[in-house]
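Just below is one structure, and these are the notes that go with it.
The values are calculated or read from the model by the stated rules, or taken from the named source; none is laboratory data. Computed from a prediction, not measured in an experiment: that's the story for all the values here. Cβ placement follows ideal geometry from the backbone for every residue including glycine, while neighbour counts extend to all protein chains displayed. Just so you know, the surface numbers come from the protein's heavy atoms only, side chains and all, with ligands and any DNA or RNA stripped out. Shrake-Rupley method; radii C 1.70, N 1.55, O 1.52, S 1.80 Å.
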Amino acid sequence: MPAVFLKDRSLLFVSGADAQSFLQNLITTDITSLRPEEARPGALLTPQGKILFDFMIWQEGDGYMIETDAGQRDSLLKRLTMYKLRAVVTLAPSTEEGVTVCWGEDAEGVRGSQCARDSRFAKAGVTLIRRPGKHGDGKEALYDALRISHGIVTSGSDFALQDAFPHDVLMDFNGGLSFRKGCYVGQEVVSRMQHRGTARRRVVTVSAATALPETGTEITAAGKPVGTLGSVEGGSGLAIVRIDRAGAAMAAGTPLLAGETPVSLALPAWSGLVFPATADEASA
């Protein structure tokens, strides 16, 4: 597949003697275990445990590159600066604009400085490389179709910031959420969700025999809301749904609808999750 330039992505570089400890104590990702040329998802949470900023992060020289939506970058930089205090850390926007992604045959041999393998796609068995700057002209719809097919979400299209918990977007399975490192912002809430097994909203892939309605369309079962449609490409899409409600509807043979369009839902295979068939099973 061709290399695709994502013009709406921006980069921050975090460096300095305290860069690792500074980030380790703030974000959801365990960056001490990052492997060379590996990009992992991460988030900076609210104290209530919801995603305030989401991003990809990888090692770059003696620091860390953070890739986020262009609309988030300045606000993220400002928020990180607030936490800096006396830490020996330098926070600076990258001079590169946008990010290029390539996968399949086009990713073979793409290694070295400023190249990182996306761990989310690796979980799904796909080698996808992220690289700052423009290095291709493939259509962005190709990348959207790829991430939709593998259940990989992005903020804005698939969920609203400050509205979703990391569990909702499968960060507990894709390497973006650590339960073993020390405290970070919002850690107590997400740890409690993990240990109590209370996560009910999850990312699913959505398919239909015809084109799906627009992003934001409600998914229902017997007239009751189950979730909301996110990214859409033709008859395929993503949604974050209550898997207990969706599972019970599927077990009972109740049709699921996105607007007026019949749909089927599937949990990403790489997550290992299954739909609970009853409320009792969901709370087990």
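Can you tell which of V203, V190 is surrounded by 20 or more Cβ atoms within 10 Å (Cβ to Cβ), more than 23 Å from P262 (Cβ to Cβ) and either of a type in the set (A, V, I, L, M, F, W, C) or at pLDDT 95 or above (or both)?
Only one candidate qualifies: V190.
Got a sec? Which of A208, A284 is modelled with pLDDT of 95 or more and either under 18 Å from the mean Cα position of the chain (by Cα) or not charged (D, E, K, R) (or both)?
A208
Please verify whether A221 is within 24 Å of W270 (Cα to Cα) and out of contact with any Cys (no Cβ under 9 Å at 6 or more places or on another chain), treating the condition exactly as stated.
So A221 does not fit the description; no.
Among the residues of region 216-232, write down those that are surrounded by fewer than 18 Cβ atoms within 10 Å (Cβ to Cβ), in a strand (DSSP E or B) and touching a residue at least 24 places away in the same chain (Cβ under 8 Å).
E218 - this is the single residue of region 216-232 that is surrounded by fewer than 18 Cβ atoms within 10 Å (Cβ to Cβ), in a strand (DSSP E or B) and touching a residue at least 24 places away in the same chain (Cβ under 8 Å).
Here is a list: S149, S119. Which entry is closer than 25 Å to G227 by Cα, small (G, A, S) and modelled with pLDDT of 95 or more?
Among S149, S119, only S149 is closer than 25 Å to G227 by Cα, small (G, A, S) and modelled with pLDDT of 95 or more.
Take K123 and tell me if it is under 19 Å from T28 (Cα atoms), open to solvent by 50 Å² or more (accessible area, probe 1.4 Å) and in contact with a helix residue (DSSP H, G or I) (Cβ under 8 Å, 6 or more places away or on another chain). Spell out the reasoning first.
Values: under 19 Å from T28 (Cα atoms): yes; open to solvent by 50 Å² or more (accessible area, probe 1.4 Å): yes; in contact with a helix residue (DSSP H, G or I) (Cβ under 8 Å, 6 or more places away or on another chain): yes.
The answer is yes for K123.
Please identify the pairs in which a residue from region 1-12 that is under 14 Å from G71 (Cβ atoms) and open to solvent by less than 20 Å² (accessible area, probe 1.4 Å) has its Cβ atom under 6 Å from the Cβ atom of a residue that is in a strand (DSSP E or B) and of a type in the set (F, W, Y), counting only partners at least 6 apart or on another chain.
none
Quick check, is V241 β-branched (V, I, T), open to solvent by less than 20 Å² (accessible area, probe 1.4 Å) and in a strand (DSSP E or B)? First the steps, then the outcome.
Numbers: β-branched (V, I, T): yes; open to solvent by less than 20 Å² (accessible area, probe 1.4 Å): yes; in a strand (DSSP E or B): yes.
So V241 fits the description; yes.
Return the pairs, sorted by first residue and then second, in which the second residue is part of a helix (DSSP H, G or I) and surrounded by 12 or more Cβ atoms within 10 Å (Cβ to Cβ), the first residue lies in region 66-88 and is touching a residue at least 24 places away in the same chain (Cβ under 8 Å), the beta carbons are less than 6 Å apart, and the residues are 6+ apart or on different chains.
Hits for this filter: T68/L76; A87/F22.
To keep it simple, each residue is scored yes or no on (1) buried (at least 19 other Cβ atoms within 10 Å of the Cβ); (2) β-branched (V, I, T).
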| residue | (1), (2) |
| --- | --- |
| V14 | yes, yes |
| E37 | no, no |
| L85 | no, no |
| L91 | yes, no |
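Does region 244-260 include one or more residues that are touching a residue at least 60 places away in the same chain (Cβ under 8 Å) and buried (at least 16 other Cβ atoms within 10 Å of the Cβ)?
Checking region 244-260: not a single residue is touching a residue at least 60 places away in the same chain (Cβ under 8 Å) and buried (at least 16 other Cβ atoms within 10 Å of the Cβ).
Could you tell me which of the residues I66, I148, I152 is in contact with a helix residue (DSSP H, G or I) (Cβ under 7 Å, 6 or more places away or on another chain), open to solvent by less than 50 Å² (accessible area, probe 1.4 Å) and closer than 27 Å to R202 by Cα?
Exactly one residue qualifies, and that residue is I152.
With respect to E96, is the statement that it is acidic (D, E) and assigned to a loop (DSSP other than H, G, I, E, B) true?
On the way: acidic (D, E): yes; assigned to a loop (DSSP other than H, G, I, E, B): yes.
Against the criterion (acidic (D, E) and assigned to a loop (DSSP other than H, G, I, E, B)), E96 qualifies.
Scan region 187-205 for residues that are of a type in the set (D, E, K, R) and not in a helix (DSSP H, G or I) and report the count.
Residues that pass the stated criteria total 3.
Inside region 39-59, can you point out the residues that are closer than 21 Å to T127 by Cβ and either of a type in the set (G, A, S) or surrounded by fewer than 19 Cβ atoms within 10 Å (Cβ to Cβ) (or both)?
Answer for region 39-59, where residues must be closer than 21 Å to T127 by Cβ and either of a type in the set (G, A, S) or surrounded by fewer than 19 Cβ atoms within 10 Å (Cβ to Cβ) (or both): A39, G42, Q59.
R196 - would you say it is of a type in the set (D, E, K, R) and free of Cβ contacts under 8 Å to residues at least 12 places away in the same chain?
Details: of a type in the set (D, E, K, R): yes; free of Cβ contacts under 8 Å to residues at least 12 places away in the same chain: yes.
Yes; evaluated as a whole, the condition is true for this residue.
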